[in-house]
Amino acid sequence: MRTPLAIVGVAVAMAFVPRLGLPAFYDSLLYLMLHWIVLATSWNILSGYTGYFSFGHGAFFGAGLYTTSTLLARFEWPFLWTLPVAAAVAAVLGTALGAVVFRVRSVRGELFALLTLAITFVVGTIVGNTPIDGGQGVSLTAVPVPQVGPTQSSTFYLLALAAATLTLLVAWAITVSRFGAGLFAIHDDEDAAEVIGVPTYRYKLTALAISCALAGAAGGIHALFLSYVTVGEVFTITVPLTVVLMSVLGGTRHWAGPAIGAVAITGLLYSFTAADNAIAGKAATGAILIAAILFMPDGILPRLQRAWRRVVPARARPAAVDASAPAAPAPRPAAPPAAAGDVVLRVTGLHKRFKGVRALAGVAVEVRRGEILGLIGPNGSGKSTFINVVSGHFAPTAGEIVFEGVALGSRAAHRIAAAGIARTYQIPRPFAHRSVLDNVALAAMFGGGIRSPREARDEAMRWLEFTGLADKADARPDDLNLHQRKFLELARALASRPRLVLLDEVLCGLTPAEIDGAVALIRRIRDQGATIVFVEHVMRAVLALSDRVVVFHHGELLAEGRAAEVMQRADVMTAYLGQAHA
Amino acid sequence: MSAFTLPSASLLAQSVLSGIFVGALYGLLGLGLSLSWGLLRLINLAHFAFAFLAAYLCFQLASLGVDPLLTLVGIVPAFFALGAGLHWLMARFAITPFNSLLLTFGLMGIVEAAIQSIWTADFRKLESVYASQKFKVGALFVPVPELITLVLAVAFAAGVWAVLRFSDLGKALRAAAEDGPIAAAFGVHRQRNALLLAGTCSALVSIAGVCLALTFTLAPSQMYAWIGVVFAAVMLGGLGSAIGPLVAGTLIGVSEAVTMAVTAPSWAPIVSFTLLIVVLVLRPGKAA
């Protein structure tokens, strides 16, 4: 709780600056710095945290700016009352845009950037050609500036100071919240985030709305500061590129990064304009951007943090838990104290088509509580598609999936996770920028429904102990070997305390000794009450683990029964090994 | 709201023609961008700065009495080297597609500042023998500089398409774009090919720059005005495609010109950007 106090403390101290009686031009310089802090930080709330780089910040900023100018010039509203409206209009515009764009799964990365850039020009063209602007610009010189500070310039400074303080508090609060953890997970791997229970669509939309509202308010203040607004200077590529530059320079993964970048760039540009050398300023900004991308791709702030950590050594960690004898966490009673053996998942008539390809053609499977069910079959027989459909990654083309008596239908993956189903990926998909502990804590927080980040970490630690990864808690996923990454996948799946676990080839790529360890671990998972469905090619493990197997072939069920018996059947052997020609 | 006026048939035909001409320039400007984005996974915003730099060089040489088309002899190799050098730098630091966008934006600022300090921020118009030449086909005027642009745009789009489609080099480039390490394992010399392609992209955009000098009035800040619409042409045409940007550019150019004739010129941007948004939302797979 020290950070918000520090932000407010600095803001209160800075509120006394106008009393110092400095020349008005300092107020303007400080105003511009604070203005850019609001814009860059608000941009970062969506784009830095989730990785959806928006080039549409000019549109949202402009929406607020033109809302205020219209209300002032046409309807003669008092200035301060226009600001909440400016924020609301920008937020509505952003939400409407996001509601469409975030539904399209593949509009990510560059495509999202371009799309938001295009929105900027569309909104700009509409504003310029309608009475909102009329192509001539809007003059606000007749509008009285409210007496917030002793002088006009100090009024703008104080308003921007208030906006910047609010923005930084919001940006900080998000980073320490469950919401922020979800946004960072979206940044690293959106599909995996959804699968562990992060409501990605709603989170992205909320982040965009907050980001737009703050930019809109900044636009409202800036309208009166400029006192003459034109489309050509507002709906440009310059605003979004400047905020991107500031945030990337400062560091996009930290709430304070964009603010540092904003102060640096504004100060730099100002020093060049003050020295009557705007052209050199432009060139210098370009050179700094290039140098920052090449030598500090993470930004100034992470660089400083690393340097700081070298100076002040990390606090000593408690001795690692003995990983050789991991203790299983106390099992949670399976939700309804139902008898083992009743049907927990019933899939009927499941179809999945990808354009022309028939991946699943009428699959019916029943999974009983407490059992370990193996899904086997040749490559391309539909096993992984089955897992992907049940976990909600793909919507089924047809068919019913009923989990604990509730039809899942085409529910979003995060709701399926919340219902009590977890999965692992064949190729581990950890959140690369989070520690091993945080990876697991995210699952506990979202799928597991633990609201407090601290409790989620405690829960996550228990699962790391369970999977023998406790001594790797602070490591980054990149530092783990394949075996450990597979176990991290398991720990992440288990941390949401699922009643049904879907394992997609956890053993693939492991050495025989590692396989034995994993088999024992999977048994222990079942022993504490979870039901397990696993896709596997390692026959030794299938025979050792499964109570029952179902065999997939060309998207249909070929056989069902005890592993040893099913594998003897002629049609199963043919499916696996091909027709004997002899 | 501007009133809708229905233009006469000959005015409409003239608009369509001018749309085709400006669309050809969109296509030529977008050709290098599309190849670089699609095949090298680098989004080179500096292309716009390179086009303007080439345009200003052409303007400078022409004002010394050199035929504008003859300046290509010097400009094309110079920009080939520039593009290859830039690519070498970005490859050396293993730049991600997104960071390439930011880095080349920085470069764009530097080039803009350089142009501004040499040629000032005032508008410049190249005076040449071609400038005022035009001939009449039926009721339509055909200006020669625009016609040169169209011919060059079609020729280079077709040429690049043929190279990519049929030559070993083209196949190697497309293979490397799909899976670099695998292509390398099959004996594709990735670094050399990538340098060659980056140089070619930059050379192509310098040709577009010469066409720009022939047909438009130049000002350094104008380089930003082209980004949106050329991006739209590239995305619509499909990344890595040689013919796509030209077709999409022409489509955009014509629809803009007709919009201008029917309503007011200030409504023109809405056409290209609405097209871009629709394509991105409805068919994102095509663009990526």
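Read-outs: derived from the displayed coordinates by stated rules, not from any lab. Just so it is clear, the model here is predicted, and its values are computed rather than measured. Positions of Cβ are backbone-derived with ideal geometry, glycine not excepted, and every protein chain shown enters the neighbour counts.
With a 10 Å cut-off around each Cβ of A:122-131, the average count of Cβ atoms from other chains is 4. Count Lys and Arg as plus one, Asp and Glu as minus one, and take only other residues whose Cβ is under 9 Å from that of A:LEU503; the net charge is then -3. Relative to its Kirkwood radius, the Cα radius of gyration of the protein assembly as shown gives an Rg/Rh of 1.01. Here the gap between A:GLN568 and A:LYS355, fully extended at 0.36 nm per residue and compared with their Cα-Cα distance, gives a gain of 73.2 nm. Other protein chain C-beta atoms within 10 Å of residue C-beta, averaged over B:63-71: 0. The length gained on full extension between A:SER271 and A:LEU304, counted as 0.36 nm times the residue separation minus their Cα-Cα distance, comes to 9.5 nm.
In chain A, excluding the sites themselves, the longest stretch lacking any of the trypsin sites (Lys or Arg not before Pro) that are in a DSSP loop with at most 13 other Cβ atoms within 10 Å is A:106-314. In chain A, the calculated helix contribution to ellipticity at 222 nm averages -18000 deg cm²/dmol per residue, counting -39,500 (n - 2.57) for every DSSP H run with n ≥ 4.
Just how far, in whole angstrom, is the stretch A:2-74 from the stretch B:200-254 if you go by their alpha carbon centroids? Centre-to-centre (Cα) distance: 36 Å. Once C-alpha pairs closer than 8 Å and six or more residues apart are averaged by separation and normalised to the residue number of chain B, the relative contact order reads 40 percent.
Here the stretch B:29-226 is assigned +1 on the Cβ of each Lys and Arg and -1 on the Cβ of each Asp and Glu. Its dipole about the Cα centre then comes out at about 300 debye. A Förster radius of 51 Å, combined with the Cβ-Cβ distance separating A:VAL176 from B:ARG192, puts the computed FRET efficiency at roughly 0.55. For the pair the stretch A:505-565 / the stretch B:32-55, the C-alpha centres are spaced 52 Å from each other. Peptide A:240-247 shows a mean partner chain C-beta count of 2 within 10 Å per residue C-beta.
Going from the fewest other Cβ atoms within 10 Å to the most, the residues A:PHE184, A:PHE25 appear in the order A:PHE25, A:PHE184.
For chain A, averaging the sequence separation of C-alpha pairs within contact (under 8 Å, six or more residues apart) and dividing by the residue count gives a relative contact order of 16 percent. Among residues other than B:PRO145 with Cβ under 13 Å from its Cβ, the summed charge is -1 (Lys and Arg +1, Asp and Glu -1). Each listed q (0.26 Å⁻¹) maps to a log10 I(q)/I(0) for the stretch A:220-288 from the Debye sum over equal C-alpha point scatterers, namely -1.15. Residues A:VAL506, A:VAL357, ranked from the fewest to the most other C-beta atoms within 10 Å, line up as A:VAL357, A:VAL506.
Largest mean-square fluctuation among B:VAL76, B:VAL254, B:VAL262, in a Gaussian network model of chain B whose springs join Cα atoms under 10 Å apart, belongs to B:VAL262. Between A:ARG476 and A:THR151, the simple label model (points 7 Å from Cα in the Cβ direction) yields a spacing of 4.8 nm.
In units of the rule-of-thumb radius 2.2 N^0.38 Å, chain B shows an alpha carbon radius of gyration of 1.01.
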